[in-house]
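K.L.:
This is the structure I have questions about; it appears just below.
The values are calculated or read from the model by the stated rules, or taken from the named source; none is laboratory data. Everything numeric in this text was worked out from a predicted model, so none of it was measured. Every residue, glycine as well, gets a Cβ built from its backbone with ideal geometry; the counts of neighbours run over all protein chains shown. All accessible areas refer to the heavy atoms of the entire protein, side chains included, with ligands and DNA or RNA removed. Shrake-Rupley method; radii C 1.70, N 1.55, O 1.52, S 1.80 Å.
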Amino acid sequence: MEKGATNLNRFLIEEQRAFPEATGDFTMLIESIAFASKIISREVNKAGIVNIIGKAQSVNVHGEEQQKLDVYADRKMIEAMDHLGKLCAMASEENDEVIQVPKEYPKGKYLAVFDPLDGSSNIDVNISIGTIFGIYKRQDGETGTPCCKDFMQPGRKIVAAGYVIYGSSTMMVYSAGNGVHGFTLDPSIGEYILSHPYMKIPETGKIYSINEANYHKWDEPTRKFVEHIKNHSEREYTARYIGSLVADFHRNLLKGGVFLYPGDEKNKRGKLRLLYECAPLAYIIENAGGMATNGVQDILDIVPETLHQKEPLIIGSKYEVETYLKYQRGELK
Ligand code: P6P
């Protein structure tokens, strides 16, 4: 029988059946994140009309002015999950400290990390932005009030991760370890419809994505790699850099290629955050057949030391990431 469109709920329920031990906690969490993203999508898509563009007169932990939509998206993500009884705590780019579940709600065994609206500096110029999320389990035996220590887990411990891109269409891409799946929001019915089942990043691509304004601050191997890509490689590459991590990542996932935000002499650890940006995207890319490294080790093997720790990120098609690593290891000069 020809199946109708698969919406997110149906997909999650069918996937849940594939894991007899699944308790449905996941399904509820992902559904709730999806709900929050629909509200964020609505606000992002009307930001130009309603006067919510501009600064929220507050700054986040990194000293960056919070756009009103940043603050709004953060609130929607928290509200979508805090009452479910599935989480014991959350961590967000927009909150200095661990976000506790309000005491009137039951606690669960999961931890959620998220960047509620990455690339928000692009809101005013109508460039695609995104939400990035990851779900961990609280480590066995940990009791008491959740704290930073609960989040100091390597990305290998992620149990589900994904992102939402607010672009020409709104798409949610997520994985729970059984493939990477993309759902496109049909705003006429407010449903995410399965549009990209079992996404795989091409083994190699023709796109490299890096802010070349930082060229003179990079280390030598990074400069050599970019020179290789531009001038001496055996294939024609093209440069694409949107300056919005989720948008650059999503394009490379679909078309192949490599995104790099390396450390440099000014920002040794780069700009991107390990816990709620690099690790969830590294989980996605590995499940899609790609790679993610900080130039020394796999992103997913890094144990965070602080909640908002920065980490260099080189992520995308295996061939390009492995070539970058050869330069870093001195195997290519
Ligand atoms: P740069 C956006 O501000 C962001 O956090 C990421 O979404 C993006 O990849 C990066 O910064 C762009 O940084 O220094 O190239 O402007």
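K.L.:
Below 10 angstrom from the Cβ of Gly289, what's the summed charge of the other residues (Lys, Arg +1; Asp, Glu -1)?
P.N.:
Working: positive: Lys200, Lys318; negative: Glu203, Glu286.
Net local charge, Gly289 excluded: 0.
K.L.:
If I build a Gaussian network model for the chain, linking alpha-carbon pairs within less than 10 angstrom, which residue out of Gly289, Gly141, Gly108 has the largest mean-square fluctuation?
P.N.:
Between Gly289, Gly141, Gly108, it is Gly141 that shows the largest mean-square fluctuation.
K.L.:
With each run of n ≥ 4 DSSP H residues scored as -39500 (n - 2.57), what mean residue ellipticity at 222 nm is computed for the chain after dividing by its residue count and rounding to the nearest 500 deg cm²/dmol? Numbers along the way, then the final one.
P.N.:
Values: 8 runs with 90 residues, N = 333.
Rounded to the nearest 500, it is -8000 deg cm²/dmol.
K.L.:
With only Lys, Arg, Asp and Glu charged, each at its Cβ (+1 for the first two, -1 for the last two), find how big the charge dipole of the stretch 207-328 is about the Cα centre; round to the nearest 20 debye. Show your work: numbers first, answer last.
P.N.:
Numbers: 16 positive and 17 negative charges, 61 e Å.
With only Lys, Arg, Asp and Glu charged at Cβ, the dipole is about 300 debye.
K.L.:
Apply the Karplus parameterisation 6.51 cos²θ - 1.76 cosθ + 1.60, with θ equal to phi minus 60°, to every residue of the stretch 204-209 and state each ³J(HN,Hα) to the nearest whole Hz, in sequence, with x for glycine and proline.
P.N.:
Running phi through 6.51 cos²θ - 1.76 cosθ + 1.60 with θ = phi - 60° gives 9, x, 10, 10, 10, 10 Hz.
K.L.:
Determine the distance separating the Cα centre of the stretch 148-201 from the Cα centre of the stretch 221-251; give it in Å without decimals.
P.N.:
That distance is 24 Å.
K.L.:
Take the chain, drop everything but the C-alpha atoms, weight them equally and run the Debye formula without solvent; then report log10 I(q)/I(0) at 0.06, 0.07 Å⁻¹ to two decimals.
P.N.:
The computed values of log10 I(q)/I(0) come out as -0.20, -0.27.
K.L.:
Tally Lys/Arg at +1 and Asp/Glu at -1 over every other residue whose Cβ is under 15 Å from the Cβ of Lys255; what's the total? Kindly include the intermediate steps, with their values, before the conclusion.
P.N.:
Working: positive: Lys200, Lys206, Arg235, Arg240, Arg251, Lys318; negative: Glu203, Glu236, Asp248, Glu320.
Net of charged neighbours comes to +2.
K.L.:
Can I ask one more? Would you mind getting the accessible area per residue of the stretch 81-184, heavy atoms of the protein chains only, 1.4 Å probe, in Å²? Write down the numbers at each step before the final one.
P.N.:
Working: 3720 Å² over 104 residues.
That works out to 36 Å² per residue.
K.L.:
List the pairs from Lys46/Lys107; Lys76/Lys200; Lys137/Lys255; Lys224/Lys318; Lys76/Lys103 whose alpha-carbon separation is above 23 Å, in the order I gave them. Numbers along the way, then the final one.
P.N.:
Details: Lys46/Lys107 35 Å; Lys76/Lys200 30 Å; Lys137/Lys255 32 Å; Lys224/Lys318 18 Å; Lys76/Lys103 19 Å.
Lys46/Lys107; Lys76/Lys200; Lys137/Lys255, as the Cα separations exceed 23 Å there.
K.L.:
At q = 0.11, 0.13, 0.18 Å⁻¹, what base-10 log of I(q)/I(0) does the Debye formula yield for the stretch 8-196 when every alpha carbon is treated as an equal point scatterer in vacuo?
P.N.:
-0.49, -0.68, -1.27
K.L.:
Still on this structure: Taking the dipole about the Cα centre of the chain, with the C-beta of Lys and Arg at +1 and of Asp and Glu at -1, give me whichever of Val101, Cys147, Phe11 is farthest to the positive side.
P.N.:
Phe11
K.L.:
Turning to a different aspect of this structure: Quick one: pull the percent of accessible area on the stretch 207-328 belonging to carbon and sulfur, 1.4 Å probe, ligands and nucleic acids left out. It would help to have the intermediate numbers written out before the result.
P.N.:
On the way: 2170 of 4670 Å².
Its accessible area is 46 percent carbon and sulfur atoms.
K.L.:
How much of the accessible area of the stretch 8-196, in percent, comes from carbon and sulfur atoms when a 1.4 Å probe is used? The partial results should precede the final answer.
P.N.:
Values: 4140 of 8080 Å².
C and S atoms contribute 51 percent here.
K.L.:
Something else about it: For the stretch 200-322, what is the accessible area per residue in Å² when the probe is 1.4 Å?
P.N.:
So the stretch 200-322 comes to 40 Å² accessible per residue, rounded to a whole number.
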